[in-house]
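Reading through the structure tokens given below for one structure.
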Amino acid sequence: MRLPSILRTGVFQLTMVYMALFGASVAALFIFTYWSTIGSIERQSDSVIEAEIRGLAEQYERRGLPGLVEIIRERVRRDTQGRSVYLFVDSSLRPIAGNMAYWPQELNRSSGLVSFFKINADGVQIPARARVLTVGQGYRLMVGREINELALINQDFRRALVWGIGLTMGLALAGGILMSLQAQRRIARLNRTTRQIIAGDLSRRVPTTGGRDEFEELTQNVNAMLDQIENLMAGLRHVGDSIAHDLRGPLTRLGNQLELLAAEAEPSREGLTMCAEQAEGLLATFNALLRISRVESGAYRSAFAELDLSGIVSDICELYHAAAEDERITFSSEIEPSIAVFGDRELLAQALTNLLDNAIKYTPQGGSIVVRLIQEADSACLEVADNGPGVPAKDRERVFERFARLDQSRSLPGNGLGLALVKAVAEQHGGTLEVADNSPGLIVSLKLPSKQP
């Protein structure tokens with residue numbers, strides 16, 4: 001992989017921003033530590049110089065110039081390490097006493113504490129810091145201390161600052177490149193898979209690593225999306241095949257009937273009525289398909305609101321009491337009051353209507369239908385139970401497919417789209433739809449997330 005492509009990655013750019021911030025923080029920490037340490041040592045050295053200046057000034061007041069010269073010479077003798085710096089000169093800057101042979105020019109430019117370089121007997125420059133005290137008629141006394149340790153610490157700090165920031169930047173840069181390479185490899189796998197899918201291979205999936213980071217979460221979501229797309233495409237192909245298979249017969253019969261009517265001198269009313277009924281059935285099938293598609297697309301979600309599901313179920317049960325009596329079927333309902341859900345009134349009513357239509361269609365005369373609505377822990381459970389022929393266990397998942405019609409129901413009217421619509425409504429409401437054995441008959445359970453009023 002070429003380096004320029006790595007430099008363009010978002011991970012590398014974020015790493016560079018982090019590197020700059022971290023480098024600035026390291027530099028700030030070093031600078032703070034530097035000034036704190038150097039400042040403490042300087043203040044300690046300056047306090048010693050100030051104390052000596054005050055002490056020598058007091059000695060001059062008591063003992064005069066001779067006494068001051070004697071004290072300076074005594075202090076020079078006692079300073080075996082040569083850390084202190086003394087120089088007493090006259091008005092012509094000629095040395096009188098002290099351990100320096102010349103007057104530093106830096107002391108003429110300031111009256112406070114001044115830093116300069118002291119040249120020892122070996123000709124080596126040693127950093128020092130001193131202050132001048134004026135005494136008598138033009139006499140001047142310089143009192144100071146060598147600050148060689150301070151200079152060494154200063155040098156060490158600067159070296160540590162350069163190496164620390166350099167090492168930090170280098171490690172951050174190396175880490176950014178490594179992270180970018182890893183991210184590029186994982187994104188490359190994702191791009192490679194998407195290109196294969198674009199080429200038409202919908203079975204391809206992004207390889208997973210088993211990790212728990214955000215890339216793995218993205219991979220899992222992409223794979224789940226691809227699974228859903230593949231399922232939708234398979235469903236679309238199935239719907240196309242089902243439409244071609246299930247509508248071919250009605251369209252053929254309609255065409256044949258129209259040909260017969262066209263051959264008659266005076267078309268019969270019965271034949272025209274039959275054609276109209278077949279056309280109406282075809283139109284109902286297409287309307288049902290269109291409604292299922294709209295439900296699955298989420299077109300109704302904008303109208304979702306808090307609903308009294310108990311009231312909706314009660315109203316529809318009242319309407320179906322008469323239809324059940326006409327078919328000599330016992331119809332009963334057990335509805336808990338004040339069960340609220342969040343959804344669309346029209347869709348939920350249509351779902352229950354479809355369930356009751358199926359129950360009445362397949363329940364024989366003398367049978368019974370029971371509608372129950374109960375409140376569970378976090379969901380509202382709507383059940384429609386009958387004692388009809390039921391559905392074999394192997395076909396209970398297939399009944400939710402579009403145009404699904406079992407062998408025992410081929411002779412009954414319908415298009416096999418009723419339960420498909422109910423399932424689409426359940427999924428759009430975040431619920432589930434299940435079928436179970438009623439021994440005999442069937443129980444269809446629609447569970448929806450409840451919303452307590």
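What follows draws every value from the coordinates through simple rules; no lab data is involved. Predicted, not measured: the structure shown is a model, and the values here were computed from it. Counting neighbours? That spans all protein chains shown, and the Cβs are built from the backbone with ideal geometry, glycine included.
Summary table below
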{"item": "With 10 Å bins from 0: P(r) over the range 301-449, alpha-carbon pairs, percent", "result": "11, 43, 36, 9, 0"}
{"item": "Efficiency of FRET from Cβ geometry, Thr273 and Glu376, R₀ 45 Å, rounded to 0.05", "result": "0.40"}
{"item": "Values of log10 I(q)/I(0), in the order q = 0.12, 0.21, 0.22 Å⁻¹, for the range 10-153 under a Debye, Cα-only, solvent-free model", "result": "-0.56, -1.32, -1.41"}
{"item": "Sorted by Cβ density within 10 Å, fewest first, the residues Asp213, Asp437", "result": "Asp213, Asp437"}
{"item": "Full-stretch length increase - Gln81, Met233 - with 0.36 nm per residue and alpha-carbon distance subtracted", "result": "45.4 nm"}
{"item": "Inter-site label distance for Leu152 and Glu325 at 7 Å from Cα along Cβ, in nm", "result": "11.2"}
{"item": "Förster radius 51 Å - calculated FRET efficiency between Ser314 and Leu218 (Cβ-Cβ, nearest 0.05)", "result": "0.60"}
{"item": "The range 133-208: radius of gyration and largest Cα-Cα distance (Dmax), Å", "result": "32.3, 105"}
{"item": "Difference of contour (0.36 nm per residue) and Cα-Cα distance, Leu202 to Ser302", "result": "32.8 nm"}
{"item": "Estimated inter-spin distance, Met16 and Ala188, nm [label 7 Å along Cα→Cβ]", "result": "2.1"}
